[in-house]
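Below: one structure, written as structure tokens.
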Amino acid sequence: MQMPGLYIHIPFCISKCLYCDFYSLAGKDDLIDGYVSAVVRESEKYDGMSFRTLYVGGGTPSLLGARRLARLMESLQSHLGIDRLVEATIEANPESADEDFLKAVRNMGFKRISIGVQSLDDDELKKAGRVHSSAQALKAVDVAFSCGIDNVSADVIIGLPGQTGESLDNTLRKLIGAGLTHISVYCLSIEEGTAFAACPPDDLPGDEFQALMYESVSGILKRSGFIHYEISNFALPGKECLHNLNYWRGGEYIGLGPSAASHMGGRRWKNASDLMAYIDDPAAVGFDEDIVDVETKMAEEAMLRLRLLEEGLDAGQLARRYGFNESKGLEERLNNLAGQKMLMKKGKKYKLAPGSILTSNRVFVDVIN
Amino acid sequence: MNNIRNFCIIAHIDHGKSTLADRILELTGLIRKASMEQMLDSMDLERERGITIKAKSVRIPYKSASGDEFILNLIDTPGHVDFNYEVSRSLMACEGAVLLVDASQGVEAQTIANANLALDAGLKIIPVINKIDLPNAMVDDCSLQLYSMLGLHIEDILHVSAKEGTGVLELLEAIVDRVPPPQGNASDPLKCLIFDSFYDAYRGVIPHLRVFTGMLKAGDKIMVKSTEKVFEVEEVGYFSLGLVQAAGLSAGDVGYTVALIRNAGEIHVGDTVVSAEHPEVPAIPGFRMSQPMVYCGVYPIITSDYAKLGAALEKFKLNDSSVTFEKETSAALGYGYRMGFLGLLHMEIALERLKREYEQDIIATMPSVIYKVATNNGEIQMLDNPSKFPPEGQIDHIEEPMIRARVIVPTGFVGPCMELAEAKRGSLVGIEHPDDKRATLVYDLPLAEMITDFYDRLKSVSRGYASMDYEMNGYRAADLVKVDILVNNGVVDALSYISPKEGASIKGRALIYKLSKVIPRHQFKIPLQAAIGSQVIARADIFPMRKDVIAKCYGGDITRKRKLLEKQKEGKKKMKMVGFVEVPQEAFLSLMKIEE
């Protein structure tokens with residue numbers, strides 16, 4: 001088994017975006033120093049463990065600033081093997097990704113950055129509660145490249161309030177023009193507990209718009225040389241995110257920080273989403289554990305691997321690892337889906353059919369045990 | 001025998017029958033106050049719905065104010081019109097009835113229906129106005145209603161708050177004073193009435209008996225009159241909080257017997273039990289087998305569960321002998337059963353019990369009544385399933401079962417209630433005004449309208465004030481047609497229904513619209529059509545689902561994703577595959593919930 005990935009969650013933001021249901025808090029900057037120390041303390045649990053990839057996500061990691069980020073990385077090195085990473089990614093938001101910060105992260109070894117662009121239409125950004133402008137976003141992309149970060153990704157949202165086909169098209173063309181090497185495209189979903197759920201905007205594009213736009217975006221990106229390698233992810237050849245690929249291949253990883261998820265030794269767990277308790281004592285913070293039987297585990301990996309549109313799922317390989325008897329039920333379900341043309345089948349290899357990408361949940365419901 | 005009093009409590013639903021029973025048990029020391037549960041309603045479902053489904057009884061030792069010791073046998077009766085026959089047989093086991101009226105509601109349709117049954121059975125009635133503690137209690141109005149609508153004497157009426165215990169001791173005294181002791185000679189040959197039964201997995205069917213004459217003890221051989229089956233009595237006893245074994249039961253007593261009766265079909269409520277040595281003792285008049293009035297198809301969601309469902313139905317029938325079932329095949333749903341019920345409420349309760357207590361994942365089809373279909377060749381068929389109807393060209397005419405409904409409603413709501421009854425093809429038989437506040441409407445209505453949404457609609461147009469009771473009232477010819485529903489271009493026989501020809505297309509459109517909302521979107525377009533023969537009367541399409549969630553599979557929290565999918569899968573398991581279309585239970589009952 002290859003070395004695990006390391007995820008570090010930075011649960012701070014300047015302000016909370018109206019659609020966001022991830023664990024992050026706004027206006028708690030005074031807690032950042034204490035938080036960095038707490039992450040280092042949590043890492044002691046994994047003393048001596050070596051990692052293949054690193055992903056610092058959030059929240060807004062760029063809110064840490066260069067100095068604190070440097071302190072975090074240095075301190076972690078005394079416990080964890082993170083000196084031979086094949087990929088190190090950091091997320092950044094345009095308003096806090098200035099030249100000083102980007103230079104510093106490049107020097108720390110981050111050669112991949114994921115910028116929360118979401119849209120290059122200022123109206124849309126404002127309505128979604130983003131605190132940056134489209135100009136700031138494009139600037140951040142330019143600066144990142146000029147600092148020597150060679151894999152720059154942007155997040156884009158389909159279905160923002162007020163969004164039109166034209167504005168989305170425009171966002172995409174500008175991003176391609178700026179030389180991005182990787183683009184993640186998500187459809188907006190209104191999640192419980194968010195501002196949008198409490199007070200839904202009246203100019204929210206519907207499912208039909210999202211579906212059409214998703215297909216159009218996919219087409220534009222593919223024509224520009226991007227590979228649609230995962231349901232929501234597009235990359236130029238060789239620029240796929242290795243850290244995330246590890247998730248989708250059922251690989252192992254450790255997550256540090258509140259709400260961070262881990263997968264190791266067949267066990268999945270997730271730290272409690274409680275920043276104050278975490279800072280107080282990261283070792284004592286509660287977690288949800290999820291241990292499942294082998295058939296559920298195997299089906300879960302199958303569900304994840306089917307997200308990889310090009311690579312797909314090799315059921316033969318799965319059977320060799322999990323057991324031939326245990327895989328019979330899964331293969332029956334996969335063949336059934338292939339019969340309904342929701343999966344494409346070649347020997348024991350399965351891929352999501354193009355017509356089912358947008359309705360993949362429907363497929364996954366039948367894949368899981 | 002002079003110190004026995006056999007009585008029941010009869011009331012309209014929610015007038016406080018179970019609370020009064022609890023208070024009586026409490027005041028006589030049989031249960032402690034702390035137990036808040038209503039004692040006589042022991043099935044979960046009964047408590048949830050606040051109604052009593054299966055009659056039960058309890059023996060209460062009581063020392064009266066005069067210092068004499070009495071045995072009070074409280075016989076619980078079901079309080080809904082579907083169980084009218086069961087009520088009437090429970091009443092026959094008693095000499096007296098406490099007629100309970102909610103002081104804030106007044107006399108309602110079921111109050112009258114139950115009171116009339118009790119009077120017919122020759123019972124002494126003790127009228128009681130309950131809930132006098134409520135701020136909106138109208139004690140005087142209720143007294144007048146009891147007088148004018150039922151001819152009861154105002155000076156005989158007791159005022160009670162079962163909730164607070166007020167007046168309950170006075171009621172117990174009245175039961176002792178006014179209800180006559182049972183008659184009948186213990187030395188005569190045995191004669192008992194079966195007024196209820198329940199099924200015990202180890203001891204078989206345990207009938208509840210009222211002994212009229214003679215004695216019954218372990219070792220006796222008894223004969224059930226209607227079937228002439230003979231059983232040997234293993235045990236007799238009476239009901240306290242559980243079953244309490246006794247040396248014997250004699251004339252006037254109420255109790256149970258264990259006689260290794262394996263099959264609920266061998267014992268029917270209302271039947272007479274006599275000694276096998278005196279089979280000549282005549283049966284108590286009025287026995288009849290309960291007749292199902294409402295039928296529906298019941299199918300396993302997973303086709304291969306068919307055998308399991310059959311076994312569950314066999315067991316269920318041991319517990320509730322008034323349901324019927326037989327094998328049925330549907331082109332759309334596969335193998336299943338046609339079940340018969342006493343009424344709509346009985347159907348709802350039975351299906352819910354099959355799901356909960358018998359753990360069956362089932363789909364029930366739209367309920368149907370029994371139609372009398374006369375074909376051109378002079379044949380008459382009794383059909384309880386619309387999909388079995390002959391082609392329209394072969395039908396000479398159709399008759400449908402009718403009910404006579406008695407609706408009591410405040411005068412302000414008479415208009416809307418009459419409009420509703422007429423929209424439901426009712427014909428007015430008469431209007432009575434028992435007092436200046438309320439009217440009694442008597443209507444003849446098709447039973448088919450009754451079993452869809454008539455009662456719910458009646459409640460809604462009268463803001464909950466109307467109450468209703470009904471009895472079966474023969475057959476009437478009607479201009480009816482069979483409407484087929486096509487899903488994805490195929491007829492789903494289980495969705496076929498019988499509709500009045502007039503307004504069939506309006507109803508068809510409403511149903512198609514409703515179906516288009518309850519059948520989930522699929523990967524492909526699903527055309528829906530309603531048709532009479534080959535003529536399409538309504539159509540709509542369910543457009544394909546274009547996308548489901550493409551959110552960030554975030555930070556490696558795979559567990560959350562999997563659990564969401566598992567939840568969705570659970571929902572899917574509750575749907576029936578009809579061809580390639582997943583159809584939820586709701587769709588099959590859509591016709592009952594159409595807003596016209």
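Couple of notes before you dig in:
- Among the residues making up segment B:506-551, a single one is farther than 14 Å from B:ASN488 by Cβ, part of a loop (DSSP other than H, G, I, E, B), more than 10 Å from every other protein chain (Cβ to nearest Cβ) and in contact (Cβ under 8 Å) with a residue 24 or more places away in the chain: B:GLY533.
- Checking B:PHE83 against (1) under 30 Å from B:LEU243 (Cβ atoms); (2) modelled with pLDDT of 90 or more; (3) under 27 Å from the mean Cα position of the chain (by Cα), the condition it does not meet: (2)
- Residues located in segment A:97-123, provided they are surrounded by fewer than 22 Cβ atoms within 10 Å (Cβ to Cβ) and under 26 Å from A:SER189 (Cβ atoms): A:ASP121, A:ASP122, A:ASP123
- All positions within segment B:483-493 that are touching a strand residue (DSSP E or B) at 6+ places or on another chain (Cβ under 6 Å) and in a strand (DSSP E or B): B:VAL483, B:ASP484, B:ILE485, B:LEU486, B:VAL487, B:VAL491
- Meets criteria (within 12 Å of another protein chain (Cβ to nearest Cβ) and modelled with pLDDT of 90 or more) for B:GLU582: yes
- Positions within segment B:213-237 being basic (Lys, Arg), in a strand (DSSP E or B) and more than 16 Å from B:ALA264 (Cα to Cα), in sequence order: B:LYS221
- Segment B:409-482 holds strands (runs of 3 or more DSSP E) entirely within its bounds, and those carrying 1 or more residues that are without any contact (Cβ under 8 Å) to a residue 60 or more places away in the chain and crowded, with 19+ Cβ neighbours inside 10 Å map to B:438-446.
- Check on A:PRO205, in a loop (DSSP other than H, G, I, E, B), farther than 30 Å from A:ARG267 by Cα and within 13 Å of chain B (Cβ to nearest Cβ): yes
- Checking each residue of segment A:259-279 against the condition of being more than 14 Å from chain B (Cβ to nearest Cβ), assigned to a strand (DSSP E or B) and closer than 23 Å to A:VAL367 by Cα gives no match.
- Qualifying residue in segment A:61-74 (condition: in the same structural domain as A:PRO200 (by TED's automatic domain parsing), over 22 Å from A:ILE113 (Cβ atoms) and either of a type outside the set (Phe, Trp, Tyr) or modelled with pLDDT of 95 or more (or both)): no
- Residues satisfying the stated conditions in segment A:326-365, i.e. within 8 Å of chain B (Cβ to nearest Cβ) and assigned to a helix (DSSP H, G or I): A:GLY355, A:SER356, A:SER360, A:ASN361, A:ARG362, A:PHE364, A:VAL365
- Subset of segment A:338-347 that is at pLDDT 95 or above and surrounded by 12 or more Cβ atoms within 10 Å (Cβ to Cβ) - its residue that is nearest to A:GLU300 (Cα to Cα): A:LEU343
- The single condition among (1) surrounded by fewer than 19 Cβ atoms within 10 Å (Cβ to Cβ); (2) under 22 Å from B:ILE284 (Cα atoms) that B:GLN245 does not satisfy is (2).
- Test: residue in segment A:150-165 that is out of contact with any Pro (no Cβ under 8 Å at 6 or more places or on another chain), closer than 28 Å to A:MET108 by Cβ and assigned to a loop (DSSP other than H, G, I, E, B): yes
- Selection from segment A:218-234 of residues that are within 11 Å of chain B (Cβ to nearest Cβ) and part of a strand (DSSP E or B): A:GLU230, A:ASN233
- Among the residues of segment B:251-271, those that are at negative phi and surrounded by fewer than 20 Cβ atoms within 10 Å (Cβ to Cβ) comprise B:ARG262, B:ASN263, B:GLY265, B:GLU266.
- Count of segment A:280-309 residues which are assigned to a loop (DSSP other than H, G, I, E, B) and among the polar types (S, T, N, Q): 0
- Taken over segment A:128-171, residues that are over 20 Å from A:GLY58 (Cβ atoms), surrounded by fewer than 20 Cβ atoms within 10 Å (Cβ to Cβ) and among the aliphatic types (A, V, I, L, M) amount to 2.
- Checked against the criteria, A:ILE32 counts as more than 14 Å from chain B (Cβ to nearest Cβ), out of contact with any Pro (no Cβ under 8 Å at 6 or more places or on another chain) and surrounded by fewer than 19 Cβ atoms within 10 Å (Cβ to Cβ).
- If the condition is being crowded, with 19+ Cβ neighbours inside 10 Å and either within 14 Å of the chain's Cα centre (by Cα) or over 14 Å from A:GLY159 (Cβ atoms) (or both), then segment A:181-193 contributes A:THR181, A:HIS182, A:ILE183, A:SER184, A:VAL185, A:TYR186, A:CYS187.
- Among (1) at the interface with chain B (Cβ under 10 Å from one of its Cβ atoms); (2) within 22 Å of A:PRO11 (Cα to Cα); (3) surrounded by fewer than 19 Cβ atoms within 10 Å (Cβ to Cβ) - the single one A:GLU215 does not satisfy: (2)
- Condition met for A:LEU242 (at negative phi and in the same structural domain as A:TYR55 (by TED's automatic domain parsing)): yes
- So B:PRO367, is it loosely packed, with under 15 Cβ neighbours inside 10 Å and touching a residue at least 40 places away in the same chain (Cβ under 8 Å): no
- Checked against (1) touching a residue at least 60 places away in the same chain (Cβ under 8 Å); (2) at positive phi; (3) within 17 Å of the chain's Cα centre (by Cα), A:GLY129 meets all criteria but (3).
- Filtered residues of segment A:183-202 (kept if of a type outside the set (Asp, Glu), out of contact with any strand residue (DSSP E or B) (no Cβ under 7 Å at 6 or more places or on another chain) and within 11 Å of chain B (Cβ to nearest Cβ)): A:SER189, A:ILE190
The values are calculated or read from the model by the stated rules, or taken from the named source; none is laboratory data. Please read all numbers here as calculations on a predicted model, not as lab measurements. Glycine gets a Cβ as well: all are built from the backbone with ideal geometry, and neighbour counts include every protein chain shown.
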